[in-house]
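Trainee: Handing you this structure, nothing more for now.
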Amino acid sequence: MLDVVVDHLQFAYDKNTLVLGDVNLTANAGDFICLLGQSGCGKSTLLRLLAGLEKSDPNQLRIGGKSVEKPSLDRPMVFQDYGLFPWMTAGENIGIALKQKYPDWTKEKRREVALEWMDNLGLEPELHDKLPRDLSGGQKQRFGVARAFAIDAPLLLMDEPFGALDAVTKALLQDTVIDLWSKEKDHRKTIFFVTHSVDEALLLATDIVVLGQAPSKVIYTHHFDESNKPKRETLFTDPAVNDLRTKLTQIIYEESTERARRLEAERAAQHTN
Amino acid sequence: MNFLKRNYGVILVGVGLVVLYILLTQTFNVLSDFLFPNLADVLKRFPEYIGEMMGNLWASLKLLIVAFVIALVLGIGLGTLIGLKSGLRRTISPWITAATAIPVPLLTPYALNIFPSFKWASIFLISLAAFWVILATTIGAVVSIDRRYLENAETLEIPKMQKLFKIILPAASPGIFAGAEVALTLSFMMLAVAEMFGARAGLAFFVHHYSDLARFDLVLLGFLFTAFWLVVITIIFDRIKKRSLNWTINN
Ligand SMILES: Nc1ncnc2c1ncn2[C@@H]1O[C@H](COP(=O)(O)OP(=O)(O)OP(=O)(O)O)[C@@H](O)[C@H]1O
Ligand SMILES: [Mg+2]
């Protein structure tokens with residue numbers, strides 16, 4: 001439910017190497033943005049900037065009309081790993097988030113709501129009192145997603161949340177996320193979702209954004225209207241979707257070979273000097 | 001029965017040590033029986049001296065517990081503060097390193113002089129020895145907390161105090177426990193050192209006192225009694241540690 005304006009965003013961890021070169025993109029409230037791009041291009045960095053974990057220029061990044069000063073409960077992040085605190089039970093991990101968002105809830109109320117969200121993500125109630133180390137990778141991811149949705153934030157940031165899962169579990173979780181997002185009809189959350197999988201992006205996104213190599217820019221965007229958004233059933237049969245898949249794959253591939261060629265040329269130039 | 005089964009290795013080693021002692025003393029007379037008396041004679045003294053030893057145990061425990069708790073609170077408290085504030089850390093850590101260069105036992109005469117009673121002087125010495133270790137390990141543990149946990153806490157806007165008790169201390173607890181374990185051993189040693197100067201009671205005092213009177217049967221009895229209680233304390237500490245760290249992968 002928050003719009004995001006990224007305007008000529010630049011970012012470097014250390015002064016000499018730009019990671020984000022000149023990123024421009026606009027997300028309307030309720031958009032589901034999937035970020036694609038080669039490893040190292042700065043997808044996680046962009047998410048960290050959106051989360052407020054890295055400092056950005058207030059003119060270059062505005063969320064809901066405001067600059068991003070610091071992390072906020074309005075912009076929770078689902079981390080690929082280290083998402084849960086291992087010293088708390090899985091359920092307490094949801095509970096501690098609820099406690100910040102709804103300070104006047106009782107412990108019982110928090111537990112009740114945590115169990116509801118666990119149920120939404122297909123997690124058995126017994127898992128509430130287990131430690132994260134005793135859960136499978138998929139279960140941990142689900143707890144991370146449950147926590148992010150439970151605090152009902154207007155903007156969700158998800159960094160390859162399903163990267164390490166098997167195909168079936170992944171499909172189930174993708175469907176759950178689409179479901180949770182789309183059923184909130186006119187106050188849908190804005191979601192930024194990083195993935196390496198073109199198919200995952202096709203399935204989830206209202207908008208696909210491809211980042212080029214660092215220092216990165218947006219090299220391609222595609223917007224789906226509600227009516228022509230790919231469904232799981234048509235993901236591999238719809239010719240339009242197939243064309244788009246080929247195109248995206250090609251763009252990402254060409255960008256990476258282009259970069260390889262550029263690096264090669266630079267190296268050659270250094271040799272001759 | 002179950003207990004015997006689970007700990008048969010420990011028991012075997014114990015029996016081995018007793019046999020070795022008997023061999024070295026009565027059987028082959030390698031060690032003088034004046035300094036190393038007959039074990040059976042030593043154990044015969046037990047009923048007679050148990051009351052005196054329990055009194056001494058209590059005197060020692062009082063010092064140890066008070067001192068160790070003070071060291072824990074100050075060491076973990078200051079260590080966490082210094083670990084979290086990098087500016088403070090830079091200013092102060094050379095001084096901490098410098099301070100740890102002074103062997104605490106050397107401070108005994110000063111402590112006895114400065115503090116009003118022997119009790120507080122010993123508490124100071126035991127605390128200090130334990131404190132340096134706990135302080136240093138806590139700083140290290142807090143500094144090396146995985147940044148991702150802290151970032152995760154930030155995105156949830158967990159307020160300061162809750163963050164300290166729910167995130168920072170648990171995340172640092174494996175390191176803190178490792179330090180506290182070393183510190184506990186050091187406090188045992190400092191306790192013995194402290195009691196050898198002006199103490200009127202305590203387990204080390206008991207041993208020291210009868211050693212002065214050349215009653216080496218009672219010295220040995222005191223050692224055995226002390227050793228038993230050290231093991232008990234260590235086991236209790238270990239239990240607490242295991243329970244607190246049950247979330248780590250290694251447990
Ligand atoms: N904390 C950091 N300090 C310095 N450099 C960093 C830091 N984090 C990332 N980088 C660098 O920034 C660049 C972009 O990293 P980022 O993690 O954003 O890539 P990514 O697109 O998420 O890659 P992947 O798909 O592999 O997760 C990389 O070159 C990386 O080495
Ligand atoms: Mg990444």
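Trainee: For segment A:85-152, which semi-axes, largest first and in whole Å, follow from the square roots of 5 times the eigenvalues of its Cα gyration tensor?
Mentor: Equivalent-ellipsoid dimensions as semi-axes: 18, 12, 10 Å.
Trainee: Relative contact order of chain A: what whole-number percent is it, with Cα pairs under 8 angstrom and at least 6 residues apart?
Mentor: 26
Trainee: Near A:Lys217, which lysines are there with a Cα under 17 Å away, not counting those fewer than 8 places off in the same chain?
Mentor: A:Lys43
Trainee: Now for a separate question. Per DSSP H run of n ≥ 4, the term is -39500 (n - 2.57); total these for chain A, divide by its residue number, and report the mean residue ellipticity at 222 nm rounded to 500 deg cm²/dmol.
Mentor: Using -39500 (n - 2.57) per qualifying helix, the result is -12500 deg cm²/dmol.
Trainee: Same structure, new question: Take the alpha carbon atoms of segment B:87-117, find their center, do the same for segment B:165-187, and report the distance between the two centers in whole angstrom.
Mentor: 21
Trainee: Just for the Cα atoms in segment A:65-107, what are the lengths along the principal axes, largest first, rounded to whole Å?
Mentor: 36, 30, 11
Trainee: Sticking with this one: What's the FRET efficiency of B:Asn38 with B:Thr185 using the Cβ-Cβ distance as r and R₀ = 25 Å, to the nearest 0.05?
Mentor: So, using R0 = 25 Å, E works out to roughly 0.20.
Trainee: Now for a separate question. Report, in debye and to the nearest 20, how large the dipole of segment A:85-152 comes out about its Cα centre when Lys and Arg carry +1 and Asp and Glu carry -1 on their Cβ.
Mentor: 280
Trainee: Right, here's the next one. With a 1.4 Å probe and all protein chains in place, put B:Thr97, A:Thr249 in order of accessible area, largest first.
Mentor: Ranking B:Thr97, A:Thr249 by accessible area, largest first, yields B:Thr97, A:Thr249.
Trainee: So how exposed is A:Tyr102, as accessible area in Å² (1.4 Å probe, rounded to 10)?
Mentor: 50
Trainee: Starting from the Kirkwood radius over alpha-carbon pairs of the protein assembly as shown, derive D by Stokes-Einstein at 37 °C in a medium of 0.692 mPa s and give it in µm² s⁻¹.
Mentor: 116
Trainee: Enumerate the residues in segment B:121-143 having an amide nitrogen under 17 Å from the point lying 7 Å beyond the Cα of B:Arg90 toward its Cβ.
Mentor: Residues B:143 fall inside that zone.
Trainee: Antiparallel DSSP bridges in chain A: what percent, to the nearest 5?
Mentor: About 50 percent, rounded to the nearest 5.
Trainee: Shifting gears a bit: Under 37 °C and 0.692 mPa s, how fast does chain B diffuse according to Stokes-Einstein, given a Kirkwood radius computed over C-alpha pairs? Answer in µm²/s, whole number.
Mentor: Calculated translational D: 157 µm²/s.
Trainee: Work out the length of the dipole vector of the protein assembly as shown about its Cα centre, built from +1 on the beta-carbon of each Lys and Arg and -1 on the beta-carbon of each Asp and Glu, and round it to the nearest 20 debye.
Mentor: 1380
Trainee: Relative contact order for segment B:86-168: what is it in percent, counting Cα pairs under 8 Å that are at least 6 residues apart?
Mentor: 20
Trainee: Between helix A:239-272 and chain A, what is the angle of the helix's C-alpha long axis to the longest principal axis, kept within 0 to 90° and rounded to the nearest 10?
Mentor: Tilt of helix A:239-272: around 50 degrees.
Trainee: Still on this structure: I want the local charge near A:Gln174. Using Cβ-Cβ distances under 11 Å, sum +1 for each Lys or Arg and -1 for each Asp or Glu among the other residues.
Mentor: Within the 11 Å Cβ shell, the charges total -2.
Trainee: Provide a whole-number value for the mean count of partner chain Cβ atoms within 10 Å of the Cβ atoms in peptide A:94-101.
Mentor: Rounded to a whole number, the mean comes out at 3.
Trainee: Follow-up question, since we're still on this one. Pairs on different chains or at least eight residues apart, Cα atoms closer than 19 Å: how many lysine pairs in chain B fit?
Mentor: 6
Trainee: So, R0 is 35 Å and r is the distance between the beta-carbons of A:Ala164 and A:Arg267; what FRET efficiency does that work out to, to 0.05?
Mentor: It comes out at approximately 0.55.
Trainee: Show me, for segment B:140-147, the HN-Hα J-couplings you get by feeding each phi into the Karplus relation (A = 6.51, B = -1.76, C = 1.60, θ = phi - 60°), rounded to Hz, glycine and proline as x.
Mentor: Per residue, the Karplus-derived 3J(HN,Hα) values read x, 5, 5, 4, 8, 4, 4, 4 Hz.
Trainee: I need the shape label for segment A:138-247. Rule: rounded when a/c is under 1.5, else prolate if a/b > b/c, else oblate, with a, b, c from the alpha carbon gyration tensor.
Mentor: Here segment A:138-247 falls in the rounded category.
Trainee: Now for a separate question. Return the long-range amide H neighbours of A:Phe32 (sequence gap of 5 or more, or a different chain), with a cut-off of under 5 Å between placed amide H atoms.
Mentor: Here A:Ile191, A:Thr206, A:Asp207 satisfy the definition.
Trainee: Considering only B:Phe28, A:Val210, A:Pro71, whose Cα is most displaced toward the positive end of the charge dipole of the protein assembly as shown, charges sitting on Cβ of Lys, Arg (+1) and Asp, Glu (-1)?
Mentor: The one lying farthest along the dipole's positive direction is B:Phe28.
Trainee: Can you tell me which aspartates and glutamates have their Cα less than 15 Å from the Cα of A:Lys130? Leave out same-chain residues fewer than eight positions away.
Mentor: A:Glu92
Trainee: Here is a further query. Could you name the lysines whose alpha carbon sits less than 20 Å from that of A:Lys66, not counting residues in the same chain fewer than 8 places away?
Mentor: A:Lys55, A:Lys189
Trainee: How much of the accessible area of the protein assembly as shown, in percent, comes from carbon and sulfur atoms when a 1.4 Å probe is used?
Mentor: C and S fraction of accessible area: 61 percent.
Trainee: How many angstrom lie between the Cα centre of segment A:126-203 and the Cα centre of segment A:215-254?
Mentor: Segment A:126-203 and segment A:215-254 have Cα centres spaced 21 Å from each other.
The values are calculated or read from the model by the stated rules, or taken from the named source; none is laboratory data. The model shown is predicted, which means the values in this text are computed figures rather than measured ones. Reconstructed Cβ throughout: ideal geometry from the backbone, glycine too, with neighbour counts over all protein chains shown. Remember, those area values only see protein heavy atoms, side chains included, never the ligands or the DNA or RNA. Shrake-Rupley method; radii C 1.70, N 1.55, O 1.52, S 1.80 Å.
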